[in-house]
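The values are calculated or read from the model by the stated rules, or taken from the named source; none is laboratory data. As the structure is a prediction and not an experimental result, all values here were calculated from the model. Glycine gets a Cβ as well: all are built from the backbone with ideal geometry, and neighbour counts include every protein chain shown. Just the protein is used for accessible areas: all its heavy atoms, side chains included, with ligands, DNA and RNA removed. Shrake-Rupley method; radii C 1.70, N 1.55, O 1.52, S 1.80 Å.
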Amino acid sequence: MSLSVPDLNLRIIAPVLIVAISALVVLLGELVTSSAQKRGLGYASLVGLLAAGGAAMGLWDAHAVAFREMVRADNFGVFLTLTILAGAVLCILLSFDFTRAHRIETGEYYALILFSVTGMLLMVTAADLIIIFLALELLSLPLYILAAFKREDERSLEAGLKYFLLGAFSSAFFLYGIALVYGATGTTNLARIAASAPSEMLLIGAGLLLVGFAFKVALVPFHWWTPDVYEGAPTTITAFMSVAVKAAAFGAFLRAFLVALPALAMDWRVVLAIIAVLTMTLGNVAALLQANIKRMLAYSSIAHAGYILIALVAMGGAGVSAALFYLLAYTLTNLGAFGAVIALGEGERERLNVSDYGGLARMQPLLAAMLTVFMLSLAGFPPFAGFVGKFLIFGAAVQNGWAWLAVVGVLNSLVSVYFYLRPVVAMYMSEPVEGWGAPRVAPLVALALVLALIGVIALGVFPAPAIALAAGGLGR
Amino acid sequence: MSTDLVLTYVGFFMMGAIALIGAVLAVSQRNILRAALGLIVSFIGVAGIYFVLEAEFVGVVQILIYVGAITILILFAIMLTRGLMQGTTSGHNSQWLAAALLAMLLFAALALVALGTNWNVAATRVSSDLIPKIGAELMTTYVLPFEAVSLLLLAALVGAIVIARE
């Protein structure tokens, strides 16, 4: 029997490969390093991520498929690849001192992050439902472990177990959806699904795929795990999950629905619009009630998933580019916000309650100003990245005839201002709380915060280049 | 209806019944060990359906991996975990009614659509040299998923060790 070898174009998956190899190197490095040298493994991870970023930039305008159309290099995928890598780099910068303070500094910590990033990059490059599913599992499994990484902490274990059980459940739905789509069309390739006749079975399959995606990006009513998992997981991991998983899952979500299922758009647009309204509203209203800042940011991340969903409902080039820009803006802003929370921690103690932020403006004026900027950007104030992102998404919705959805989105943004400003008000207006010294910020954490801050301001003041890069890159 | 087809139907419904009975046992038994044994029955029933549908390879794999490996692993985990052997657990909680209703609704929707769908029936019978073909496909068309699975298993392995070590 002769085998016809497929087009093994390794260049297309070079970023994925580089991150996977870095994960293996870090894993082996764990064996030969003493506990004082674990920091080096973090630096090695950074090198791997940056190299992957370089390889991804080389794929700009490549427009190619490889491995019998299993993967596709288009500017859409490259943009999201770079977004995810930026998120991962910032997360690792935040992790160095955090993991030491919380006594979870091991090689596996970095290796699992890199495995997860491998899955994420594969997911945004995938052009076939089988690859999307495997990438989804590859990105999720390490996160289940990382959520439970602080094993002496019951909340962390609870977070890992909850995430794992519900995640496995949602993966089963996703897989069932793939099976039904295959039954209806005879293929798992996104482009070939689009070419086959739509049927009721395809619609049911699409519905089950939607459940899987909705769970990963935390859309109502599949969001129940989010607050508990985000609260219990180590804060660096929460920060990473809240941005990178969203970028990867939304990437595959957009690609699957816009490339493979445009024929069913009449049906799924209405459903997604309803889900978007529920998600934004529940996320923002529930965030109003939270005293714990990690839970507040968890509900806020649910609300942001709702905003991004508007871009998918809007469809078209404007919708896609708005979603991409928003994901980048949200990645930098949210990592900045979590970074500030991490920077304000003291050893193993973290300032988790909004009241813990009292009087910080006097003790740490720079850090307080940074957190203020990130909160304002999350709330959608100009001249920060979050404003431009919301402007693009609501603009795309209006342009494509979903003005009412944009109105709901704007109203929700107004509600969100209240809870985003609560820590800010505490920092500037309240008296310092007893029992907290002045926080000392580690240099690498400061570097991460400054990078995020530069990104948030640059995207807010000069959005044009990023908007141009985000435009029209979805290959079919 | 030819005898061949009648036999296929009889076999299908028998195997389906076995799978269903096993599944009901798995969720209804209060003793977790018995629930796991119910799972074995269910897996064997599913394997039987694969055999009836002439997918022998998938059937054998189902028995080897699910019955042979996964359930045995579950049984070991139960036996090695203190307290799980003696006590009983309840599969019921306050949400069982809502969950059952939703599950029925999903089943009804799937069944209705499945019955109404005009399935593409393969024109040719499954050839006898299936296994070499599956192997060849894994090394050509599906080489990337194949490699992704290996990475996934490695990540799972590392994760299991991280969680379990003292």
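Tell me, what is the per residue accessible area of the range A:97-172 in Å², probe radius 1.4 Å?
Ligands and nucleic acids excluded, the figure is 28 Å² per residue.
Name the residue, out of B:A23, B:A35, B:A136, whose mean-square fluctuation peaks in a Gaussian network model built on chain B with Cα pairs under 10 Å.
B:A136
Checking the a/c ratio against 1.5 first, then a/b against b/c, what shape does the Cα gyration tensor give for the range B:126-166?
In terms of gyration-tensor shape, prolate.
Highest GNM mean-square fluctuation, chain B, Cα pairs closer than 10 Å: which of B:L39, B:L138, B:L101?
B:L101
Treating each Cα of chain A as an identical point scatterer and ignoring solvent, apply the Debye formula and state log10 I(q)/I(0) at q = 0.10, 0.12 Å⁻¹.
Taken in order of the listed q values, log10 I(q)/I(0) reads -0.68, -1.00.
Strictly greater than 15 Å: what percent of every Cα pair in the range B:1-92 meets that?
Percentage above 15 Å: 64.
Binning at 5 angstrom from zero up to the longest distance, how are the C-alpha pair distances of the range A:272-387 distributed in percent?
2, 11, 18, 23, 19, 12, 7, 5, 2, 0
Helix-only estimate, please: 222 nm mean residue ellipticity of chain A, summing -39500 (n - 2.57) across DSSP H runs of length 4 or more and dividing by its residues, to the nearest 500.
-24500 deg cm²/dmol
In the protein assembly as shown, with Lys and Arg counted as +1 and Asp and Glu as -1 at Cβ, which of these residues, A:L289, B:I65, A:I131, has the Cα nearest the positive end of the dipole, that is, farthest along it?
The Cα lying farthest towards the positive end belongs to A:L289.
Take the solvent-accessible surface of the protein heavy atoms, probe 1.4 Å, and return the percent of it on the range A:14-470 that carbon and sulfur atoms account for.
The computed percentage sits at 71.
Using protein heavy atoms only (no ligands, DNA or RNA), what is the total accessible area buried between A and B, 1.4 Å probe, nearest 100 Å²?
2900 Å²
Taking the alpha-carbon centroid of each part, what is the distance from the range B:24-76 to the range A:94-140 in angstrom?
Answer, in whole Å: 32.
How would A:M315, B:M139 line up by accessible area, probe 1.4 Å, largest first?
If we order A:M315, B:M139 from most to least accessible, we get B:M139, A:M315.
FRET efficiency for B:F51 and A:N353, Cβ-Cβ distance as r, R0 = 60 Å, nearest 0.05?
Calculated transfer efficiency: 0.50.
Let me know the shape class of chain B, please: from the alpha-carbon gyration tensor, a ≥ b ≥ c as square roots of the eigenvalues, rounded when a/c is under 1.5, otherwise prolate if a/b is greater than b/c, or oblate.
oblate
So if R0 is 41 Å, what FRET efficiency would A:E434 and A:A36 give, r being the distance between their Cβ atoms, rounded to the nearest 0.05?
For R0 = 41 Å, the calculated efficiency reads 0.70.
Mean Kyte-Doolittle hydropathy of -0.5 or higher plus an axial Cα length of 15 Å or more: which whole DSSP H helices in chain B meet both?
Qualifying helices, which must be both long enough and hydrophobic enough, are B:3-28, B:32-52, B:96-116, B:143-164.
List, in the order given, every pair from A:K38/A:K216; A:K38/A:K150; A:K150/A:K294 whose Cα-Cα distance in the structure shown is over 19 Å.
The answer is A:K38/A:K216.
Taking +1 at the Cβ of each Lys and Arg and -1 at the Cβ of each Asp and Glu, which of A:I104, A:L190, A:A397 sits farthest along the dipole of the range A:14-470 towards its positive end, judged by Cα position relative to the Cα centre?
A:A397
Could you work out the pair-distance distribution P(r) of the range A:322-457 from its alpha-carbon pairs, with 5 angstrom bin width and percents rounded to whole numbers?
2, 11, 19, 21, 17, 12, 8, 5, 3, 1, 0
Which shape class, rounded, prolate or oblate, goes with the range A:173-319 when its Cα gyration tensor gives a ≥ b ≥ c as root eigenvalues, a/c under 1.5 marks rounded, and past that a/b bigger than b/c marks prolate?
Prolate.
Can you give me the C-alpha center-to-center distance between the range A:237-282 and the range A:198-223, rounded to a whole angstrom?
9 Å
Most fluctuating residue of B:I134, B:I44, B:I78 in a GNM of chain B with Cα springs under 10 Å: which is it?
Between B:I134, B:I44, B:I78, it is B:I134 that shows the largest mean-square fluctuation.
Return one whole number: the accessible area per residue of the range A:328-425 in Å², for a 1.4 Å probe.
I get 35 Å² per residue for this part.
Would you rank B:Y50, A:Y144 by solvent-accessible area, highest first, keeping every protein chain in place and using a 1.4 Å probe?
B:Y50, A:Y144
Given points 7 Å out from each Cα along the Cα-Cβ axis, report the B:A109 to B:S128 separation in nanometres with one decimal.
According to this spin-label approximation, the distance is 4.5 nm.
Of B:D129, A:D128, which has the most accessible area with a 1.4 Å probe, and how do the rest follow in descending order?
B:D129, A:D128
How about the range A:90-132: which of its residues lose at least 40 Å² of accessible area in the presence of all protein chains relative to their chain isolated, using a 1.4 Å probe?
A:E108, A:F115
Mind giving me the nanometre distance, one decimal, between the label points for B:V61 and B:F12, set 7 Å out from Cα along Cα→Cβ?
My value for the distance between the label points is 2.2 nm.
Hey, if you put +1 on the Cβ of every Lys and Arg and -1 on every Asp and Glu Cβ in the protein assembly as shown, which of A:G386, B:A156, B:L105 ends up farthest toward the positive end of that dipole?
In the protein assembly as shown, that residue is A:G386.
Out of the total accessible area of chain B (probe 1.4 Å, heavy atoms of protein only), what percent is carbon and sulfur?
Solvent-exposed carbon and sulfur of chain B make up 74 percent of the total.
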